[in-house]
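The values are calculated or read from the model by the stated rules, or taken from the named source; none is laboratory data. As the structure is a computational prediction, the values presented were derived from the model and not from experiment. Glycine also receives a Cβ, built like all others from the backbone with ideal geometry; neighbour counts cover every protein chain displayed. Please note that ligands, DNA and RNA were not included when accessible areas were found on the heavy atoms of the full protein model with its side chains. Shrake-Rupley method; radii C 1.70, N 1.55, O 1.52, S 1.80 Å.
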Amino acid sequence: MKFKIFLAIFAMIFFTSCSSDKENSSNENTDNASLSQSENTDFTLKFLDGRKMYVKYHEQEFNFDDTAKAKLFVFFTSWCEPCKAEIPHLNNLNKKYQDRFEVIALFLEEDKKQELLEFIQKEKMNFPSVLGENSFIFSKVLNISSIPTMVLFNAKGEKVKEYLGLIPEEMLDIDIQKAIM
């Protein structure tokens, strides 16, 4: 009986989204962007590998300059345990659908590129990552308030689904299949 109670408490803690004082400091950075979900904006996501993706948000519609693949934008931080737990599943899905889909990590942290590169290597992240102020702008436009949050877009740039917290790989797989059709 005690084991079941312990397991239930552990599951509630593990399967909820992260929040802490570190998140509050990240939110201070997004306030600098002072952008609301209804405003039109254009910005460029800068990947750690040097790649760039232009994002246009007008009249509550997204246009990405890279429309070849459906995209799962994953908003998280290096200190979030549920975020870390999600990485192997995201690696699997990114590899499984690599021709028609990609996972993109958006770090909502201060600009500490070297530390994040070490984190990516240690956690064996096999999908592209974005760092910088425009990650905060994108999170503000999407009204992201907790991490991990994932937002799935089809190749046309249409928002398909949004997820909060740790999501089972099988559930993501089903939704990705719908997004790439």
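So the values come out like this:
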{"quantity": "Local electrostatic count, residue 68, Cβ distance below 14 Å [Lys/Arg +1, Asp/Glu -1]", "calculated": "+1"}
{"quantity": "Pair-distance profile P(r), taking every C-alpha pair of the range 62-101, with 5 angstrom steps and integer %", "calculated": "6, 19, 24, 20, 17, 12, 2"}
{"quantity": "Alpha carbon convex hull of the range 48-181, projected area averaged over orientations, nm²", "calculated": "7.4"}
{"quantity": "Per residue accessible area of the range 59-181, 1.4 Å probe, in Å²", "calculated": "48"}
{"quantity": "Loop-located trypsin sites (Lys or Arg not before Pro) in the range 95-137 whose Cβ has at most 10 other Cβ within 10 Å (DSSP)", "calculated": "124"}
{"quantity": "Percent antiparallel among DSSP beta bridges (both partners in the range 70-179, rounded to 5)", "calculated": "55"}
{"quantity": "Magnitude of the charge dipole, the range 69-148, Cβ model with Lys/Arg +1 and Asp/Glu -1, debye to 20", "calculated": "380"}
{"quantity": "Chymotrypsin sites (Phe, Trp or Tyr not before Pro) restricted to DSSP loop in the range 47-82 with at most 14 other C-beta within 10 Å", "calculated": "79"}
